[in-house]
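The structure appears right after this line, and notes come after that.
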Amino acid sequence: MYGYRARIGYTSPPAATEVFPYEFYMVAPKGVSLVVSTLAIVEMNKFEIDQSYEISLRAARELARSHVDLVVLGGVPINTSRGFSNVDDLISAVAADVKKPVTTSITAQVDALRRVGAKRVAVGHPFPADQDQMFVENLDNYGFERGLIKGAGYPAVDLGVIPAKTAFDLGRVLKAADPAADTIWLPCPHWAVAEAIDPLEKELGVNVVTAHQAITWHALRRCGIDDRIAGFGRLMREF
């Protein structure tokens, strides 16, 4: 079988999922496969987030039945929709229900930020400015110094058509406007960011942590796969 080293299950928020699998197979080593169950996010409003929370619990059961080695509950807004303090309880409850190891998107990204030693974090996200507050709350809750937060202005339904250079250009803008930032965080694993990681780190001299990179790294390590992978930032190469 393709996933002879590990089969990673992922509850993917967008109802139409494109970029996450594409970038997963750019990064993951041979012998690791991705098993995806999609949720209901199109506009990323409260109704869809609440609906997707419930769907993700059912999706986790189906992924477990398909014999995955790990279930990743995707979507930071979904993970934290019942409060930041509920995330660990969510992981424990789902793991007990499905009898498989479970983690979340926010768990993976915070783990990655801490592992690279992030202190002042500038955030470049793909959404309009009305989503900035979500990332303010994330940084404040997990104890990172808040750097500049800037969105690329795209609605959730357009994530798959964001040009690949957008993440790179946004990273440059963030560092120029916030030179004290030691880390650039590019959340949301459903826009093209993989090819921007190494160039940004080399040009700007900062850590670059993206949602997709962090989830993939965290899932590999949780599955006992310690391969050091070049081309996608310090996180994949050194930790």
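Numbers at a glance
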{"quantity": "Hits among aspartates and glutamates - C-alpha to C-alpha of Lys100 under 12 Å, sequence gap 8 or more where chains match", "calculated": "Glu62, Asp69"}
{"quantity": "Nonlocal amide H pairs with Ser12, under 5 Å, H built at 1.01 Å", "calculated": "Ser37, Thr38, Leu39"}
{"quantity": "Estimated distance in nm for a label pair at Ala93 and Glu203, the labels positioned 7 Å out from Cα along Cα-to-Cβ", "calculated": "4.4 nm"}
{"quantity": "Over 22 Å [Cα-Cα, the chain], rounded percent", "calculated": "48 percent"}
{"quantity": "Accessible area of the stretch 1-124 belonging to carbon and sulfur atoms, whole % at 1.4 Å probe", "calculated": "53 percent"}
{"quantity": "Dipole magnitude of the stretch 109-239 about its Cα centre (Cβ charges: Lys, Arg +1; Asp, Glu -1), debye to nearest 20", "calculated": "320 debye"}
{"quantity": "Cβ-Cβ FRET estimate between Gln51 and Lys165, R0 fixed at 35 Å, reported to 0.05", "calculated": "0.55"}
{"quantity": "Of Lys30/Lys175; Lys30/Lys99; Lys119/Lys150, pairs whose Cα-Cα distance is over 23 Å", "calculated": "Lys30/Lys175; Lys30/Lys99"}
{"quantity": "Qualifying trypsin sites (Lys or Arg not before Pro) in the stretch 167-239, DSSP loop, other Cβ atoms within 10 Å at most 10", "calculated": "Arg228"}
{"quantity": "Computed [θ] at 222 nm, deg cm²/dmol, the chain (DSSP H ≥ 4; -39,500 (n - 2.57); rounded to nearest 500)", "calculated": "-13000 deg cm²/dmol"}
{"quantity": "Whether the stretch 144-239 is rounded, prolate or oblate, judged on the alpha carbon gyration tensor where a/c under 1.5 counts as rounded", "calculated": "oblate"}
{"quantity": "For the stretch 184-239: rounded, prolate or oblate by the Cα gyration tensor [a/c cutoff 1.5]", "calculated": "oblate"}
{"quantity": "Spatially proximal aspartates and glutamates relative to Lys165 (Cα-Cα < 17 Å; intrachain offsets below 8 disregarded)", "calculated": "Glu23, Glu195, Asp198, Glu201, Glu203"}
{"quantity": "Residue among Gly231, Ile184, Ala196 farthest towards the positive dipole end of the chain, charges placed on Cβ", "calculated": "Gly231"}
{"quantity": "Label-point separation, Glu145 to Asp182 (7 Å along Cα→Cβ), nm", "calculated": "0.8 nm"}
{"quantity": "Pairwise label distance in nanometres, Asp227 with Ser85, each label 7 Å out on the Cα-Cβ vector", "calculated": "4.1 nm"}
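The values are calculated or read from the model by the stated rules, or taken from the named source; none is laboratory data. Predicted, not measured: the structure shown is a model, and the values here were computed from it. Here the Cβ is made from the backbone with ideal geometry for all residues, glycine too, and neighbour counts use every protein chain on show. Accessible surface areas use protein heavy atoms only, side chains included; no ligands, DNA or RNA. Shrake-Rupley method; radii C 1.70, N 1.55, O 1.52, S 1.80 Å.
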